[in-house]
1. When you look at Leu64, is it at pLDDT 95 or above and either within 26 Å of Leu3 (Cα to Cα) or in contact with a helix residue (DSSP H, G or I) (Cβ under 7 Å, 6 or more places away or on another chain) (or both), yes or no?
2. Give the residue that is surrounded by the most Cβ atoms within 10 Å (Cβ to Cβ), with candidates limited to residues of the range 6-26 that are within 16 Å of Gly75 (Cα to Cα) and modelled with pLDDT of 90 or more.
3. Could you count how many residues in the range 35-50 are over 15 Å from the mean Cα position of the chain (by Cα) and either closer than 18 Å to Thr83 by Cβ or part of a helix (DSSP H, G or I) (or both)?
4. Please determine, by comparing only the residues of the range 74-84 that are part of a helix (DSSP H, G or I) and in contact with a helix residue (DSSP H, G or I) (Cβ under 7 Å, 6 or more places away or on another chain), which one is surrounded by the fewest Cβ atoms within 10 Å (Cβ to Cβ).
5. Inside the range 20-71, can you point out the residues that are among the charged types (D, E, K, R) and touching a residue at least 24 places away in the same chain (Cβ under 8 Å)?
6. Would you confirm whether or not the range 96-104 contains a residue that is of a type in the set (Val, Ile, Thr), surrounded by 11 or more Cβ atoms within 10 Å (Cβ to Cβ) and over 30 Å from Asp21 (Cβ atoms)?
7. Could you list, in sequence order, the residues of the range 27-45 that are within 18 Å of Lys77 (Cα to Cα) and in contact with a Ser or Thr (Cβ under 9 Å, 6 or more places away or on another chain)?
8. Mind telling me which of the residues Leu53, Leu71, Leu64, Leu11 ends up being of a type in the set (A, V, I, L, M), more than 17 Å from the chain's Cα centre (by Cα) and not in a loop (DSSP other than H, G, I, E, B)?
Amino acid sequence: MFLVTGLQKILKQDASACPADEVLKMACVTGAHCMGLPDCDTLASGKQADLILMDLNQPNMQPLHNIVKNLVYSGSKQNVKLTMVAGKILYENGEFFVGEAPEEIYARANRMVGEILAEN
């Protein structure tokens, strides 16, 4: 989100070219629509429960004057405390819950990359 705002402001030579609330909407609602996931655009009955919880009690998120701007301009992966997809918690406080140990996933990914590179 930070990159989108910076690049748009440079392109337009206008600091107000890309408001934070529009960028957050792009990342959430519009992003879901672009990926063909209309049931993931909002938290509502009958839709997927995809969400993240952010830790606002970190120096990069202070002061809490404008949470939307804090998320867009200052938020980072270190602030993510929980990730939920389709109502299932996949990540919480540094632990992954994806059905496999992260080490197995990393090993498989590295093996696949090795196979791809060996073919070339």
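The values are calculated or read from the model by the stated rules, or taken from the named source; none is laboratory data. Note that the structure is a prediction, hence the values are computed from the model and not measured. Cβ coordinates were reconstructed from backbone atoms using ideal geometry, including for glycine residues, and neighbour counts include every protein chain displayed.
1. Working: at pLDDT 95 or above: no; either within 26 Å of Leu3 (Cα to Cα) or in contact with a helix residue (DSSP H, G or I) (Cβ under 7 Å, 6 or more places away or on another chain) (or both): yes.
When the stated conditions are applied, Leu64 does not pass them.
2. Restricting attention to the range 6-26, the residues satisfying the condition of being within 16 Å of Gly75 (Cα to Cα) are 6, 19-26.
Keeping just the survivors that are modelled with pLDDT of 90 or more gives 19-26.
Numbers: Pro19: 14, Ala20: 18, Asp21: 11, Glu22: 16, Val23: 22, Leu24: 18, Lys25: 14, Met26: 15.
Only one residue tops the list, namely Val23.
3. Just the residues of the range 35-50 that are over 15 Å from the mean Cα position of the chain (by Cα), to begin with: 36-39, 43-48.
Of the ones still in play, those that are also either closer than 18 Å to Thr83 by Cβ or part of a helix (DSSP H, G or I) (or both) are 37-39, 43, 47-48.
Summing the residues that are over 15 Å from the mean Cα position of the chain (by Cα) and either closer than 18 Å to Thr83 by Cβ or part of a helix (DSSP H, G or I) (or both) in the range 35-50 gives 6.
4. First, the residues of the range 74-84 that are part of a helix (DSSP H, G or I): 74, 77-79.
Checking which are in contact with a helix residue (DSSP H, G or I) (Cβ under 7 Å, 6 or more places away or on another chain) leaves us with 74, 79.
Working: Ser74: 14, Asn79: 18.
Taking the candidates together, the pick is Ser74.
5. Filtering the range 20-71 for residues among the charged types (D, E, K, R) gives 21-22, 25, 39, 41, 47, 50, 55, 69.
Selection gives Asp21, Asp50, Asp55, Lys69.
6. Within the range 96-104, the first condition is being of a type in the set (Val, Ile, Thr), and the residues that meet it are 98.
This time we only want the ones that are surrounded by 11 or more Cβ atoms within 10 Å (Cβ to Cβ), so: 98.
Remaining after also requiring over 30 Å from Asp21 (Cβ atoms): 98.
Looking for residues that are of a type in the set (Val, Ile, Thr), surrounded by 11 or more Cβ atoms within 10 Å (Cβ to Cβ) and over 30 Å from Asp21 (Cβ atoms), one finds at least one in the range 96-104, hence yes.
7. Within the range 27-45, Cys28 is the sole residue that qualifies.
8. Working: Leu53 fails: more than 17 Å from the chain's Cα centre (by Cα); Leu71 fails: more than 17 Å from the chain's Cα centre (by Cα); Leu64 fails: not in a loop (DSSP other than H, G, I, E, B).
Among Leu53, Leu71, Leu64, Leu11, only Leu11 is of a type in the set (A, V, I, L, M), more than 17 Å from the chain's Cα centre (by Cα) and not in a loop (DSSP other than H, G, I, E, B).
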